[in-house]
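Here the structure comes first, spelled out in structure tokens, and everything after it is commentary.
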Amino acid sequence: MCFRSRAGGSKHRAETGCNVYGKRVRNDDKKVIRGSMPEINIPKYYDRLASDYDTRFSNPQLDYMRTVENSVLQENLADFRGLILDVGCGTGEQTLALAKDGFSVIGLDISAEMIRVAKKKSEEAGLSIPFIIASADALPFKGNCISMLTSMFGAYSHIPAFDCAFSEMHRVLADGGKALFTIVNRWNLNWWLMHTFIGNRDWVRHALKNKDFVSDGLWTYYFSRRELVKKMRSAGFQRARVGSIMIFLYPHLRRIEKKVSLYQRTSGRIENLVRWDFPFNSIGYYLLAVCTK
Ligand SMILES: C[S@@+](CC[C@H](N)C(=O)[O-])C[C@H]1O[C@@H](n2cnc3c(N)ncnc32)[C@H](O)[C@@H]1O
């Protein structure tokens, strides 16, 4: 059996001090915090998004990102056998797609509401996928029992105890197993150009001084490519291949649009050719990591 007992999970938290949800953080940016310390509540933030998550985050830029995530995942699934763990599975879009393709997959998320929606979708599709409410920094599994860990659309950007989460990622994977995930990038060129020249200088100042940001209860940490590679190596991974996504495009997180412009099509094609090469591998909105234990 792959699952670790509940006691195991809490022991891990107690020993490592990893359970930081609901904590208050220091943040120096007056614009962001207006004199008080913002409260972090990541499960609550995602609970609120769950009901319309699938329609809210749909536009050509994000669809493009999904296409890239999926194609890299498919490349890594050629001749694959074993158990896949989808961490931060949200409403289970990828989890369901993997199960429909015949893979054994478990969905895991910290938000009970996200898991509720994922379970409902899975039942409606006639699939029987195990979904678990747990945190990536205390995975309720024994060591070496997962063959591939996936985590799409930046779940690992919202884990204050990210060092624990990366060690957990490594611990549960079997030797030779792969972790494939996306995470937001600190040196996303589009963002820096836009905010330096169009004018949100306070944000630029904040981002130069800090790597994290709290908004509406959601804590986000911005890794550089270099820092991420270093973290994966210190977590024990033998190989960390990191490229980037959305180098020329920008993911409009609030705008719903359906039409794909010529610019989007062309830049997507160029990006596909250069995402793993320097300097393009370091300047996209998201970093895309494929790490081998
Ligand atoms: C941006 S969503 C991505 C969801 C999904 N993977 C997708 O591609 O649409 C990030 C997800 O990570 C989950 N999450 C955040 N912190 C987590 C943690 N510590 N452990 C597990 N899941 C977490 C959130 O609840 C949310 O569902």
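I'd like to check something: does the stretch 148-165 contain any residue that is more than 18 Å from Leu288 (Cα to Cα), aliphatic (A, V, I, L, M), within 16 Å of the ligand (Cβ to nearest atom) and modelled with pLDDT of 95 or more?
Checking the stretch 148-165: at least one residue is more than 18 Å from Leu288 (Cα to Cα), aliphatic (A, V, I, L, M), within 16 Å of the ligand (Cβ to nearest atom) and modelled with pLDDT of 95 or more.
For the stretch 42-61, what are the residues that are more than 20 Å from Tyr221 (Cα to Cα) and aliphatic (A, V, I, L, M)?
The one that is more than 20 Å from Tyr221 (Cα to Cα) and aliphatic (A, V, I, L, M): Ala50.
Which residue pairs have Cβ atoms closer than 9 Å, lie 6 or more positions apart in sequence or on different chains, and pair a first residue in the stretch 84-113 that is polar (S, T, N, Q) with a second residue that is assigned to a helix (DSSP H, G or I) and within 6 Å of the ligand (Cβ to nearest atom)?
Close Cβ pairs (under 9 Å, with a partner that is assigned to a helix (DSSP H, G or I) and within 6 Å of the ligand (Cβ to nearest atom)) amount to Thr91/Met114; Ser111/Ile42; Ser111/Tyr46.
Here's a check for you: in the stretch 266-292, which residue that is touching a Ser or Thr at 6+ places or on another chain (Cβ under 6 Å) and under 16 Å from Asn70 (Cα atoms) is surrounded by the most Cβ atoms within 10 Å (Cβ to Cβ)?
Applying the filter and picking the extreme gives Leu287.
With touching a Cys at 6+ places or on another chain (Cβ under 9 Å) and farther than 19 Å from Asn144 by Cα as the only criterion, which of Ala118, Ala112, Ala97 stands out?
Working: Ala112 fails: touching a Cys at 6+ places or on another chain (Cβ under 9 Å); Ala97 fails: touching a Cys at 6+ places or on another chain (Cβ under 9 Å).
When all the criteria are applied, what remains is Ala118.
Counting just the residues of the stretch 44-84 that are within 11 Å of the ligand (Cβ to nearest atom) and not in a helix (DSSP H, G or I), which one comes out surrounded by the most Cβ atoms within 10 Å (Cβ to Cβ)?
It comes out as Phe57.
Kindly check whether there is at least one residue in the stretch 96-118 that is near the ligand (Cβ under 9 Å from one of its atoms), modelled with pLDDT of 95 or more, in contact with a Lys or Arg (Cβ under 9 Å, 6 or more places away or on another chain) and at positive phi.
No: zero hits.
The values are calculated or read from the model by the stated rules, or taken from the named source; none is laboratory data. Quick caveat, the model's predicted, so the values are computed rather than measured. Every residue, glycine as well, gets a Cβ built from its backbone with ideal geometry; the counts of neighbours run over all protein chains shown.
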